[in-house]
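Chemist: To start, I am sharing the structure in question, which I have written as structure tokens.
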Amino acid sequence: MHGFANPARFLRIARWLMPLCMGAGLVVATLALGWGLFVAPAEKLQGETVRIVYLHVPAAWLGMAGWMGIAGASFTELVWRHPLAAIAAKACALPGAVFTAVCLLTGSLWGRPAWGTWWVWDGRLTSMLVLLFLYFGWMALSQASEASDGGQNRAPAIFGLVGAVNVPIIHYSVIWWNSQHQPPSITMGKSAMSGDFLWPLLAAMLGFTLIFAGVVLARMRAILAEQQAEARLRRKARAEVEAF
């Protein structure tokens with residue numbers, strides 16, 4: 001893993017991997033959504049509203065995966081001082097927050113016809129809303145840390161690890177508490193879903209995951225380029241001061 005700590009080596013890999021992930025993800029996600037929206041049948045009880053699952057479930061998965069990316073990068077930063085760890089965490093935050101917001105929005109759109117209301121203070125919904133607030137808090141803390149300490153403050157990494165406690169709460173909330181949200185339809189090694197719904201859903205999850213990976217790599221490249229530009233400006237300013 002430390003072999004990728006060199007920014008130049010990482011950039012060489014990301015230069016071809018980022019467009020590959022983005023391109024493949026856009027193709028797979030588009031085909032999966034078309035499959036789910038226009039080919040897959042309506043569900044017997046939910047009717048046409050079931051089609052929102054092809055966006056809602058990938059968004060929920062990537063909202064949680066984004067925070068786990070922050071937590072993993074935070075652990076790496078605290079333990080091994082990996083040079084790219086903080087950049088990876090920062091790159092995961094915004095797309096993770098976006099997918100979390102999409103999950104909440106699509107869940108609300110589904111809940112109106114299914115439950116008769118846009119929102120309930122259900123364990124799964126509430127913990128997902130908490131995740132969105134955690135993203136906002138982490139991004140604000142990271143920005144404040146970078147402004148005051150040049151990114152050397154470890155508070156965002158600690159916050160990233162502590163906030164990871166919410167992810168298993170989201171996952172197990174429908175099991176631990178009496179929840180209006182349906183229990184997991186896909187578990188390790190088995191599924192309660194018919195193949196007519198399962199395969200386009202899995203394809204959508206793969207496609208959006210590839211898009212997420214491509215966005216994270218693109219953001220890491222942009223952050224590194226910004227840092228390198230700032231370093232060049234500081235060196236130039238220092239040289240001008242020394243010249244006087």
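Chemist: Give me the extension gain from VAL162 to ASN6: residue separation times 0.36 nm, minus the current Cα-Cα distance, reported in nm with one decimal.
Modeler: 53.4 nm
Chemist: What is the helix-to-structure angle for 123-149, meaning the angle in degrees between its Cα long axis and the longest Cα principal axis of the chain, kept from 0 to 90 and rounded to the nearest 10?
Modeler: 10
Chemist: If you average 1/r over every pair of different alpha-carbon atoms in the stretch 4-75 and take one over that average, what Kirkwood value in Å do you get?
Modeler: Computed over the stretch 4-75, the radius equals 15.1 Å.
Chemist: Against the longest alpha carbon principal axis of the chain, how many degrees, from 0 to 90 and to the nearest 10, is the axis of helix 53-80 turned?
Modeler: Tilt relative to the chain: about 30 degrees.
Chemist: Moving on to the next point. Compute the convex hull volume of the Cα atoms of the stretch 57-182, divide it by the residue count, and report the result per residue in Å³ as a whole number.
Modeler: Hull volume over Cα atoms, normalised by residue count, gives 92 Å³.
Chemist: Using all alpha carbons of the chain, what is the percent of pairwise distances in each 5 Å bin, ordered from the shortest bin to the longest?
Modeler: 1, 6, 11, 15, 16, 15, 12, 9, 6, 4, 2, 1, 1, 1, 0, 0
Chemist: Could you state the accessible area per residue of the chain in Å², with a 1.4 Å probe and every protein chain left in place?
Modeler: That works out to 55 Å² for each residue.
Chemist: Oh, and also: Mind checking which of ILE170, ALA88, ALA32 is farthest towards the positive end of the chain's charge dipole, using Cβ charges of +1 (Lys, Arg) and -1 (Asp, Glu) about the Cα centre?
Modeler: Most positive-ward Cα: ALA88.
Chemist: Can you compute the FRET efficiency between ARG235 and LEU26 using 1/(1 + (r/R0)^6), with r the Cβ-Cβ distance and R0 = 35 Å? Round to the nearest 0.05.
Modeler: 0.35
Chemist: Ignoring ligands, DNA and RNA, please state the percent of accessible area on the stretch 1-96 from carbon and sulfur, probe 1.4 Å.
Modeler: 76
Chemist: Could you give the size of the charge dipole of the chain about its Cα centre, using +1 on the Cβ of each K and R and -1 on the Cβ of each D and E, expressed in debye and rounded to the nearest 20?
Modeler: Roughly 560 debye, rounded to the nearest 20.
Chemist: A further question on this structure: So between ARG112 and ILE175, what do we pick up on full extension, going 0.36 nm a residue minus the alpha carbon distance?
Modeler: Roughly 20.4 nm would be gained on extension.
Chemist: A further question on this structure: Measure nothing fancy, just the Cα-based angle from helix 166-176's long axis to the longest principal axis of the chain, in degrees from 0 to 90, nearest 10.
Modeler: 10
Chemist: Which order do the peptides 81-89, 118-126 come out in when sorted by mean C-beta neighbours inside 10 angstrom, highest first?
Modeler: 81-89, 118-126
The values are calculated or read from the model by the stated rules, or taken from the named source; none is laboratory data. Small disclaimer: the values here were computed from a predicted structure and weren't measured. Quick reminder, even Gly has a Cβ in these numbers, built from the backbone with ideal geometry, and neighbours come from all protein chains shown. Please note that ligands, DNA and RNA were not included when accessible areas were found on the heavy atoms of the full protein model with its side chains. Shrake-Rupley method; radii C 1.70, N 1.55, O 1.52, S 1.80 Å.
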